[in-house]
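All remarks here apply to the structure that follows.
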Amino acid sequence: MPALDEYKSSWADEIELESGSLPPPTEDIDEHGVKTVTEYKINKDDKKVKVVRTYKLQKHVVSKSVASRRLLHKFGDSANDEPGPNSQTTFVSEDINMQLITNKEEEKSNDAVVDPKNQFAKCRFCNGGHFTTNCPYRHTAAYIEKILDTKPQASASAAETTSSKPGKYVPPFIKDQQKNAGNKGRDDTTAIRISNLSEATSDADLEELTNKFGKKSKMYLAKDKNTGLCKGFAYVHFYSKEDAAAAIETLDGFGYDHLILKAEWSKPQYN
Amino acid sequence: MRPLMLQGHERSITQILYNREGDLLFSSSKDNRPNVWFSINGERLGSYNGHQGAIWCIDVDWTSTKFMSGSGDMTLKLWSVETGKSVATIETKSSVRCCNFSFSGNQAAYSTDRAMGQECELSIIDVRTMDSSLNDASPISKIPMIHSKITSMKWFLDDTIITGHENGLIASYDIRMGREINSIKEHTHVIQDLQLSKDMTMFVTASKDATAKLFDVDTLTCLKTYKTERPVNSAAISPIYEHVALGGGQEAMDVTTTSTRAGKFDSRFYHLVYEEEFARLKGHFGPINSLQFHPDGKSFASGGEDGFVRIQVFDQSYHELVFE
């Protein structure tokens, strides 16, 4: 292979190249009924690729008519497909969790999270019911940026709105900005993160753990997608900031299922 | 469980449909090839090639042997489910908007659009022979639609057809007598979809007036209303729980000018009785055009304007859900 000799590669690559053709594909079924198929192939950049696919083998008992249909020959556009799903037409998309709405007032309160009691003070950064200087995020770099940006941005967007005539095309991202000016991250201000939860924690446990603090808008317990066991942390969104603060106060250092929990404000996402 | 995405269509999905056992999932789109999939793993069994226009409606009979598709090319085609071969082609005077097999699968009904100087008409044909003789056979009966165009239709048992109309009217027709039995106007806009509950005592409608409503089959009384902020394109009743799933989103023509989040393309789950939304499921990046529960109630499929069909198996938390 003269072409390859010219190419200066690392010794590790060379050893692999010397080992010759691709290793044979392997199939392995473990005791949990998980089949692992490992294949090697060369992709279009002439690089060796290892493809590992894991399947969960399941047995289904079905009626005769269903079973007979399983054996049908493919036809039409799929006539030349091999048995099993064709990756051209069928693929598995990313995991999407159902968003359970635990409280019916979520819709309304999303628009007015600000606590009426504290309306005299409104944080310029997170729109929470406190003075900007007391913002829990004031130590983050984004806070400083935001505070610096707020004024010029506000005036700029105001000028834009007034100049734009109705019916004029407004790009979606601007529209979004106008609509939720400063809205981003507001949702997170009443959210807390609870970590060091035990594996056995379930949604119901979390519910039980947090319901005494007040109304929640959302609860998310991180779970392993294969085993369904808790990954050790959870996010809980409260309606009111006080409830969230009370929850942190109580739960931080709280002993639960032989573990000491850690509770803190959820850090907002910036994207 | 991670959702399966089925990409067999080049254009937006118009209808998806499970067969009775739920092992097959049919899908049709504005391209000219209805597809059939195995719902368990998303494997495509085949496509029914032969139409020349957008497919507006599909139906499969009780035994999953006969399949029917109505198209904008002004034909209704009957197919053999298993081989994908066209058995008969019935020519119509305008495009076929809705089609249904009767409960027994002996008869089929189709409705044609009010277009090209033709009035909207509901035609009943006998499909017992299932061969090319159907091509020339004239319909057993024809019911002219005096109200407005039929936009959705369900055949209830063997003698009644329930239709949803363009102006929001719902009517039921006795097929044996060939006349209207009852009609009610609860919706203000076009009724996009109409699906029966498993026990066939109720049906749910989805309308562009941003509501879905639950009706009693016999009396056509409106029992419940599920409100959203966007047009509803499809609604389905869970076969095992008192849940109603709604799919929709803003009009397809506005999709490009707003963000995905603003479009509200989620499937929404409402409690059947309390009319209260309890869950949402994201996925599509265009409005959902058709949505149906698997007959076992443990998964559901949705087809969207984005051309994808998604099969989502519900996770445990859905099954454990308790209403307070």
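With respect to being exposed (fewer than 11 other Cβ atoms within 10 Å of the Cβ) and not acidic (D, E), A:K35 falls outside the description. Selection of strands (runs of 3 or more DSSP E) fully inside the stretch B:203-315 by the criterion of at least 1 residues being over 25 Å from B:M153 (Cβ atoms) and of a type outside the set (G, A, S) returns B:267-271, B:277-281, B:309-313. Looking only at residues in the stretch B:218-241 that are out of contact with any Gly (no Cβ under 9 Å at 6 or more places or on another chain) and closer than 19 Å to B:K208 by Cβ, the one that is surrounded by the most Cβ atoms within 10 Å (Cβ to Cβ) is B:Y226.
Applying the set (1) more than 20 Å from the chain's Cα centre (by Cα); (2) part of a strand (DSSP E or B) to B:C98 leaves exactly one unmet item: (1). Can you confirm whether B:V244 is within 24 Å of B:F203 (Cα to Cα) and either within 11 Å of another protein chain (Cβ to nearest Cβ) or at pLDDT 85 or above (or both)? Judged against the criteria, B:V244 is a match.
The number of residues in the stretch B:106-131 that are in a loop (DSSP other than H, G, I, E, B) and of a type in the set (A, V, I, L, M) comes to 4. Residues in the stretch A:208-234 that are out of contact with any helix residue (DSSP H, G or I) (no Cβ under 8 Å at 6 or more places or on another chain) and either of a type in the set (F, W, Y) or in contact (Cβ under 8 Å) with a residue 40 or more places away in the chain (or both): 3 in all. Scanning the stretch A:26-43 for residues that are not in a strand (DSSP E or B) and not charged (D, E, K, R) returns A:H32, A:G33, A:N43.
When the residues of the stretch A:16-50 are filtered to those that are out of contact with any strand residue (DSSP E or B) (no Cβ under 6 Å at 6 or more places or on another chain) and among the hydroxyl-bearing types (S, T, Y), the one that is modelled with the highest pLDDT is A:S21. Exactly one residue among B:G53, B:G22, B:G42, B:G46 is in contact with a helix residue (DSSP H, G or I) (Cβ under 9 Å, 6 or more places away or on another chain), touching a residue at least 24 places away in the same chain (Cβ under 8 Å) and not in a strand (DSSP E or B), and that residue is B:G22. Of everything listed in (1) touching a strand residue (DSSP E or B) at 6+ places or on another chain (Cβ under 9 Å); (2) modelled with pLDDT under 85, the single unmet condition for B:S259 is (1).
Conditions (1) away from chain A (no Cβ under 11 Å); (2) more than 19 Å from A:V66 (Cα to Cα), marked per residue:
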{"residue": "B:H284", "(1), (2)": "no, yes"}
{"residue": "B:S290", "(1), (2)": "yes, yes"}
{"residue": "B:F293", "(1), (2)": "yes, no"}
{"residue": "B:G297", "(1), (2)": "yes, no"}
{"residue": "B:S302", "(1), (2)": "yes, yes"}
{"residue": "B:E305", "(1), (2)": "yes, yes"}
{"residue": "B:Q312", "(1), (2)": "no, yes"}
{"residue": "B:S317", "(1), (2)": "no, yes"}
{"residue": "B:V322", "(1), (2)": "no, yes"}
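Within the stretch B:166-194, restricting attention to residues that are out of contact with any Lys or Arg (no Cβ under 6 Å at 6 or more places or on another chain) and of a type in the set (V, I, T), which residue is surrounded by the most Cβ atoms within 10 Å (Cβ to Cβ)? Checking each candidate, the answer is B:I191. Just to check your reading of the model, which residue among A:D77, A:D95 is out of contact with any helix residue (DSSP H, G or I) (no Cβ under 7 Å at 6 or more places or on another chain), within 7 Å of another protein chain (Cβ to nearest Cβ) and either part of a loop (DSSP other than H, G, I, E, B) or at pLDDT below 80 (or both)? When all the criteria are applied, what remains is A:D95. As a summary of the residue check, A:V66 satisfies the conditions (1) within 7 Å of chain B (Cβ to nearest Cβ); (2) in a loop (DSSP other than H, G, I, E, B) except for the one numbered (2). Summed over the stretch A:80-92, the residues that are facing chain B (nearest Cβ under 7 Å) and either small (G, A, S) or touching a residue at least 24 places away in the same chain (Cβ under 8 Å) (or both) give a count of 1.
Would you say B:D113 is acidic (D, E) and more than 19 Å from B:V36 (Cα to Cα)? Taking the combined requirement at face value, the residue satisfies it. Would you check which residues across the stretch B:68-85 are within 12 Å of chain A (Cβ to nearest Cβ) and assigned to a strand (DSSP E or B) and list them? Of everything in the stretch B:68-85, those that are within 12 Å of chain A (Cβ to nearest Cβ) and assigned to a strand (DSSP E or B) turn out to be B:W79, B:S80.
Looking across the stretch A:213-247, the residues that are assigned to a helix (DSSP H, G or I) and either of a type in the set (D, E, K, R) or crowded, with 17+ Cβ neighbours inside 10 Å (or both) come down to A:F213, A:K241, A:E242, A:D243, A:A244, A:A247. The residues of the stretch B:36-57 that are more than 9 Å from chain A (Cβ to nearest Cβ) and under 15 Å from B:P3 (Cβ atoms) amount to a single one, B:S39.
The values are calculated or read from the model by the stated rules, or taken from the named source; none is laboratory data. Predicted, not measured: the structure shown is a model, and the values here were computed from it. Ideal geometry is used to build each Cβ from the backbone, glycine not excepted, and the neighbour counts take in all protein chains shown.
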